[in-house]
Amino acid sequence: MNNILECYNLSKFYSGVPALTNLTLSIPKGKIIGLLGPNGSGKTTFIKIAAGLLTPTTGSITIDGNAPGVETKSYVSYLPERTYLSSWMKVSDIIAMFSDFYPDFDVPRANDMLKRLGVSTNAKLKTLSKGTKEKVQLVLVMARRARLYLLDEPIGGVDPATREYILNTIITNYNENSTIIISTHLITDIEKVLDEFLFINKGQVVMSGSVDSVREEKGMSIDELFREVFKC
Amino acid sequence: MAWKFVSDRPIYLQIAEHIKIDIITGVYPPGERLPSVRELAAIAAVNPNTMQRAMSELEQSGLVSAMRTTGRFVTEDKEILEKTKQALAHELAQEYLRTISRLGYTPEEAAELVLKINQ
């Protein structure tokens with residue numbers, strides 16, 4: 001099977017309000033994919049369903065052949081939009097927790113990444129700045145040897161230099177057999193690290209393809225295409 | 001520092017061009033081993049698959065050749081290096097002509113201007 005993720009007619013309603021409507025898509029292995037769409041288009045809902053945090057109202061989704069659940073959580077590494085780590089914990093506590101939870105968690109790699117960041121494992125989370133906390137969270141997610149990484153707005157609230165660091169961490173820590181799905185609306189920053197993109201709006205895929213083929217055929221960047229497709 | 005890309009051309013071609021210039025200007029001298037795709041992707045801050053595609057492009061032009069297991073090396077073939085340099089110079093000159101012709105300059109005037117500026 002060459003697809004890591006497949007979903008068919010996936011719908012999610014929040015008390016009757018649709019967030020995803022008959023979403024059908026497949027995500028190939030070994031690629032970095034941008035999940036792009038305006039605010040409220042269903043990006044986070046889709047990622048949360050894939051991460052096993054939400055159940056779809058109707059339709060099906062499989063990740064490497066399994067429906068999201070205990071099994072898939074062992075090979076899906078998820079970066080939520082907001083941090084869920086307790087602020088009283090030390091960085092070393094969290095590393096211990098992650099390595100206890102996830103057999104694919106690579107402790108030396110995590111320590112190495114933190115060292116390069118200049119974060120002491122002795123530091124308590126509440127002493128770290130917002131940007132540093134986000135970096136720590138990303139380190140935890142990328143230090144797993146997962147088959148699928150789901151990154152929900154990884155560069156949302158951070159400065160341009162931190163953004164570069166985060167993108168670099170993503171590029172250098174992914175291997176050819178794993179897949180990364182990055183949701184964002186900061187397209188310019190992320191475009192050069194993507195293989196393919198998915199535009200979603202109102203819970204449906206409106207366009208998809210490879211980044212370089214859009215440039216080749218239309219002579220425009222994904223950012224420009226986005227502005228054209230989602231013109232207000 | 002991440003490389004800069006314009007939006008109207010494929011990224012892999014722009015990467016290939018960047019590396020071509022690095023080779024011609026001696027950042028990667030003839031016969032030298034290039035950094036791995038992974039390292040180059042990190043330097044340029046681009047997707048490794050896109051870097052891989054740029055490498056295939058360079059291999060096709062003969063500027064770079066892949067040795068099994070040991071990596072990719074810059075060619076020592078002077079003819080290929082010279083041709084690549086000329087092709088790059090040609091493109092730059094064309095770009096200059098295209099831009100300045102919009103201001104109403106003829107090619108002769110454009111050439112004169114270059115010589116004058118250089119004095």
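FYI, it's all coordinate maths here, none of it is from the lab. These numbers come from a predicted model, not from an experiment. Neighbour counts are summed over all protein chains in view; Cβ atoms, including those assigned to glycine, are modelled from backbone coordinates with ideal geometry.
Brief remarks follow.
- Annotation: amide H-H contacts under 5 Å for A:Phe13 (H modelled 1.01 Å from N, sequence separation of 5 or more, or interchain): A:Ala19, A:Thr57.
- With all projection directions averaged, the alpha carbon convex hull of the stretch B:3-46 covers 3.2 nm².
- Förster-model FRET efficiency, 45 Å R0, B:Ile117 and A:Ser87, C-beta, rounded to 0.05: 0.15
- Annotation: the stretch A:77-152 has a Kirkwood hydrodynamic radius of 12.3 angstrom, from the mean reciprocal C-alpha pair distance.
- Förster radius 45 Å - calculated FRET efficiency between A:Tyr8 and A:Glu176 (Cβ-Cβ, nearest 0.05): 0.95
- Listed by Cβ neighbour count within 10 Å, with the fewest neighbours leading, A:Cys232, A:Cys7 appear as A:Cys232, A:Cys7.
- Projected over all directions and averaged, the alpha-carbon convex hull of the stretch B:1-76 occupies 4.8 nm².
- Residue-count net charge about B:Tyr105 - beta-carbon cut-off 12 Å; Lys, Arg +1, Asp, Glu -1: -1
- Counting DSSP beta bridges with both ends in chain A, the antiparallel % (nearest 5): 55
- Projecting the Cα atoms of B:Leu63, B:Ala44, B:Leu13 onto the charge dipole of the protein assembly as shown (Cβ charges, centred on the Cα centre) puts B:Ala44 farthest toward the positive pole.
- Build a GNM of chain A with springs between Cα atoms under 10 Å apart, and of A:Arg109, A:Arg215, A:Arg163 the one that fluctuates most is A:Arg215.
- Prolate/oblate/rounded label for the stretch B:78-119 (Cα gyration tensor, a/c 1.5): oblate
- Convex hull volume of the stretch A:11-149 per residue (C-alpha atoms, cubic angstrom): 134
- Neighbour-count ranking [beta-carbon atoms within 10 angstrom, fewest first] of B:Phe5, A:Phe197, A:Phe13: A:Phe13, B:Phe5, A:Phe197
- Close amide H pairs (under 5 Å, H built 1.01 Å from N) link A:Leu79 with A:Leu150, A:Leu151, A:Asp152, residues at least 5 positions away or on another chain.
- Cα coordinate range in the protein assembly as shown, projected on the principal axes (Å, largest first): 72, 46, 41
- Since only A:Leu138, A:Met89, A:Ile170 are under comparison, the one whose Cα sits farthest along the positive direction of the charge dipole of chain A, derived from C-beta charges on Lys, Arg, Asp and Glu, is A:Met89.
- A:Ser41, A:Ser74, A:Ser213 arranged by Cβ crowding within 10 Å, fewest neighbours leading: A:Ser213, A:Ser74, A:Ser41
- The length gained on full extension between B:Ala110 and B:Ser56, counted as 0.36 nm times the residue separation minus their Cα-Cα distance, comes to 15.8 nm.
- Other-chain or far-sequence residues with amide H under 5 Å of A:Val206's (modelled H): A:Phe199, A:Ile200, A:Asn201
- Only helices enter this figure: runs of n ≥ 4 DSSP H residues, each worth -39500 (n - 2.57), summed and divided by the residues of chain A, yield -10000 deg cm²/dmol at 222 nm to the nearest 500.
- Rounded to whole numbers, the Karplus 3J(HN,Hα) couplings from phi for the stretch A:109-125 are 5, 4, 4, 5, 5, 5, 5, 5, 6, x, 9, 6, 6, 7, 5, 7, 4 Hz, using 6.51 cos²θ - 1.76 cosθ + 1.60 with θ = phi - 60°, and x at Gly and Pro.
- Using the Stokes-Einstein relation with a Kirkwood hydrodynamic radius computed over Cα pairs, the translational diffusion coefficient of the stretch B:26-119 at 10 °C and a viscosity of 1.306 mPa s comes to 100 µm²/s.
- Spin-label proximity, A:Phe230 to the stretch A:26-63 - amide N less than 15 Å from point 7 Å beyond Cα toward beta carbon: A:34-47
- Bridge type composition, the stretch A:134-232 - antiparallel percent by DSSP, nearest 5: 55
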